[in-house]
Amino acid sequence: MFLIAAVGLMALFLIVERLLTLQRLTVDKTSVSENLFGMLLRGDLKQAIAFCDSRPTPLTNTLKAGLIQVLNRRPDEEVQVAMDASVLRESPRLEGWTSFLAIFGNLGVLVGLLGTIMGLIVSFSGVAEADAATKAAMLSRGISAALNCTAFGLLVAIISIVAYGFFQIRIGRAINDMLESSMSLMNIVVANRDKMRD
């Protein structure tokens with residue numbers, strides 16, 4: 001049970017850490033796009049870059065990487081490559097240690113089963129030496145205690161795996177937002193290159 005509790009505490013710590021980190025690293029894509037793309041349509045590149053600097057998140061960092069290339073008068077291919085490289089650089093920040101939640105889920109089940117098996121072994125070995133009157137009571141108490149390990153392990157596993165799925169969805173959505181916004185930025189730059197000024 002102590003091992004399962006340790007796994008559960010690590011999973012809980014990771015869940016809280018990921019919630020706080022993702023809340024800090026994600027912004028509303030629609031709001032960023034409306035503000036940033038409005039500046040680009042007016043041709044104000046430096047204001048757009050300053051806007052990205054004021055909200056340093058993976059999404060704004062990706063868009064800023066492209067805007068810097070536009071400011072330096074680089075060709076469209078280099079603008080897109082800069083944003084693609086930024087997506088690759090920022091994705092690990094979003095993912096963090098999330099994959100460990102799946103590991104903690106598996107560990108919770110396995111340690112719970114190990115505790116159950118060990119508890120049953122201890123129960124049956126203790127019953128073998130007891131008198132006939134107390135065997136049934138001892139056996140039922142031992143099995144009950146052993147099955148508590150399985151239940152606790154499954155509880156830790158369920159919480160860890162549900163949290164893992166939740167975070168995978170949020171991380172995937174944030175990465176899709178970066179890719180979609182970078183394509184939208186590229187389209188605006190290509191269509192309005194003549195309006196862009198330093």
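The values are calculated or read from the model by the stated rules, or taken from the named source; none is laboratory data. These numbers were taken from a predicted model, which means no experiment stands behind them. Heads up, the Cβs are rebuilt from the backbone with ideal geometry, glycines too, and the neighbour counts pull from every protein chain shown.
Key figures for this structure:
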read-out: When residues of the stretch 83-105 are limited to those that are of a type in the set (Ser, Thr, Tyr) and surrounded by 19 or more Cβ atoms within 10 Å (Cβ to Cβ), the one nearest to ILE171 (Cα to Cα); value: THR98
read-out: Any hit, the stretch 28-37, residues being under 16 Å from ASN187 (Cβ atoms), polar (S, T, N, Q) and surrounded by 20 or more Cβ atoms within 10 Å (Cβ to Cβ); value: no
read-out: Selection status of ILE169, at pLDDT 95 or above, under 30 Å from TRP97 (Cβ atoms) and loosely packed, with under 12 Cβ neighbours inside 10 Å; value: yes
read-out: Per-region count, the stretch 64-88, residues within 24 Å of the chain's Cα centre (by Cα) and in contact (Cβ under 8 Å) with a residue 24 or more places away in the chain; value: 4
read-out: Output for the stretch 38-75, where each listed residue is basic (Lys, Arg), surrounded by 15 or more Cβ atoms within 10 Å (Cβ to Cβ) and either on the phi > 0 side of the Ramachandran plot or modelled with pLDDT of 95 or more (or both); value: LYS64
read-out: Residue list for the stretch 106-140, filter: of a type outside the set (Ser, Thr, Tyr), more than 19 Å from THR150 (Cβ to Cβ) and loosely packed, with under 13 Cβ neighbours inside 10 Å; value: ALA128, GLU129, ASP131, ALA132, ALA133, ALA136, ALA137
read-out: The stretch 112-166: number of residues that are over 21 Å from PHE2 (Cβ atoms) and modelled with pLDDT of 85 or more; value: 6
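For (1) in contact with a helix residue (DSSP H, G or I) (Cβ under 6 Å, 6 or more places away or on another chain); (2) part of a loop (DSSP other than H, G, I, E, B); (3) farther than 30 Å from ALA65 by Cβ, each residue gets a yes or a no:
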site	(1), (2), (3)
GLY108	yes, no, yes
SER123	yes, no, yes
ILE169	no, no, no
ALA174	yes, no, no
LEU185	yes, no, no
